[in-house]
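For reference, the structure I am asking about is given below.
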Amino acid sequence: MAQHFLLSAAARTLSLRTIYKDGEDAAYATFCKMRWAETDGEAVCPQCGSWKTYTIATRRKFKCAGCHHQFSVTSGTIFASRKMAFVDLLAAICITVNASKGVSMIQLSRDLDCQYKTAFVLAHKLREAMASEIQTGEVLDGHIEIDGAYFGGHIRPENRKEDRVDRRLKQHQTGKRRVVVVMRERHGRTLPIVTMAEADGVALVNQNVSRMATLSADEASHWDMLHAGWSVDRVNHSEVYSDHGKHTNWAESYFSRLRRMVEGQHHHVSPKYLHQYANQAAWLEDNRRKDNGSMAYGLVQNAMGSPVSRNWKGYWQRAA
């Protein structure tokens, strides 16, 4: 019997032991190579684009010979103004990609021996880097599965039966319940978007799916409008989950990962940041067949190519 790829040694090409054994200089060199891949790690001025730079010997900074601009490997990236060592940053990325259902901020802070606040912001910056690969603006093509799932807004029932209310009624809702609508290509990309109602998915399909594509959806009545623009396979889940190739199992597979991430690891996710977790689950789904070293270095490259985070740089200072 053939061994599953994820259980084989080929899927394990990076470990925390290797990262810390190689040390800070090797981790720093990795970030340089991911930032300036076209020059094999040789610094390029982010201000004027000149390749003529020299290293400031007393610290890990560079100076442009043309415009005299000083910069570091993380200047202008999502890790701008970072204080954490590069070996710890690389270890955090390794932990993040190894956790197939996500990792809690408490656990990450313990693994890295840092404050909870540091782990919280770092994890969200990594999710933002993942989102740059998911939310590309490109339309989906081929055969697309679409579905929606509700997250958050749980109302705890009262202790006494006579004090309990019908939690299904709108006046008893918290307003924190959200829907993640996912459009997923079979053997392709996964695109999740957070909305207030699953019916909003019809407009999202119009914006993000090619007119030449074909669709699969469940029996929910709001998907009936999709038949006007696409060829749509429908499957009634009250009767069958898969009917001769008609199914939404790829979309359900994505929701399975996202639910285990939200309920099993984080336990509670604010609706304000649900889109970050949805993008992380999509990134993990799309890269699930890659070895963990390729995933880690790909995430470093995404982070080095992402601009300074306007949401997360100085997050705790703004909150205070």
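The values are calculated or read from the model by the stated rules, or taken from the named source; none is laboratory data. The shown structure was predicted, so the numbers you read here are calculated from the model rather than taken from an experiment. Counting neighbours? That spans all protein chains shown, and the Cβs are built from the backbone with ideal geometry, glycine included. Quick note on the areas: whole protein, heavy atoms, side chains included, nothing else; ligands and nucleic acids left out. Shrake-Rupley method; radii C 1.70, N 1.55, O 1.52, S 1.80 Å.
What's the total number of residues in the range 274-310 that are touching a helix residue (DSSP H, G or I) at 6+ places or on another chain (Cβ under 7 Å) and either under 24 Å from Gly153 (Cβ atoms) or among the acidic types (Asp, Glu) (or both)?
Qualifying residue count, the range 274-310: 9.
Each row is one residue, and each column tells you yes or no for (1) open to solvent by less than 70 Å² (accessible area, probe 1.4 Å); (2) in a loop (DSSP other than H, G, I, E, B); (3) more than 25 Å from Trp250 (Cα to Cα); (4) touching a residue at least 24 places away in the same chain (Cβ under 8 Å).
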{"position": "Asn279", "(1), (2), (3), (4)": "yes, no, no, yes"}
{"position": "Trp283", "(1), (2), (3), (4)": "yes, no, no, yes"}
{"position": "Lys290", "(1), (2), (3), (4)": "no, yes, no, no"}
{"position": "Ser294", "(1), (2), (3), (4)": "yes, no, no, yes"}
{"position": "Val300", "(1), (2), (3), (4)": "yes, no, yes, yes"}
{"position": "Val308", "(1), (2), (3), (4)": "yes, yes, yes, yes"}
{"position": "Lys313", "(1), (2), (3), (4)": "no, yes, yes, yes"}
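While we're here: Do any helices (runs of 4 or more DSSP H) lying entirely in the range 1-113 carry at least 3 residues that are among the hydroxyl-bearing types (Ser, Thr, Tyr) and either touching a helix residue (DSSP H, G or I) at 6+ places or on another chain (Cβ under 8 Å) or exposed (fewer than 13 other Cβ atoms within 10 Å of the Cβ) (or both), and which ones are they?
16-35
Something else about it: Return yes or no: is Arg318 among the basic types (Lys, Arg), more than 13 Å from the chain's Cα centre (by Cα) and open to solvent by 50 Å² or more (accessible area, probe 1.4 Å)?
yes
Report the residue count in the range 234-266 for those that are part of a strand (DSSP E or B), touching a strand residue (DSSP E or B) at 6+ places or on another chain (Cβ under 7 Å) and open to solvent by 50 Å² or more (accessible area, probe 1.4 Å).
So the answer is 2.
If I filter the range 65-83 for residues that are more than 25 Å from the chain's Cα centre (by Cα), aromatic (Phe, Trp, Tyr) and under 24 Å from Lys313 (Cβ atoms), do I get at least one hit?
The answer is yes; a qualifying residue exists.
Being of a type in the set (Gly, Ala, Ser) and over 13 Å from the mean Cα position of the chain (by Cα) is the filter here; which residues of the range 108-155 pass it?
If the condition is that a residue be of a type in the set (Gly, Ala, Ser) and over 13 Å from the mean Cα position of the chain (by Cα), then Ser109, Ala119, Gly137, Gly142, Gly148, Ala149, Gly152, Gly153 are the ones that fit.
Of all residues in the range 213-226, count the ones that are open to solvent by 20 Å² or more (accessible area, probe 1.4 Å), within 15 Å of Ala199 (Cβ to Cβ) and either within 29 Å of the chain's Cα centre (by Cα) or not hydroxyl-bearing (Ser, Thr, Tyr) (or both).
5
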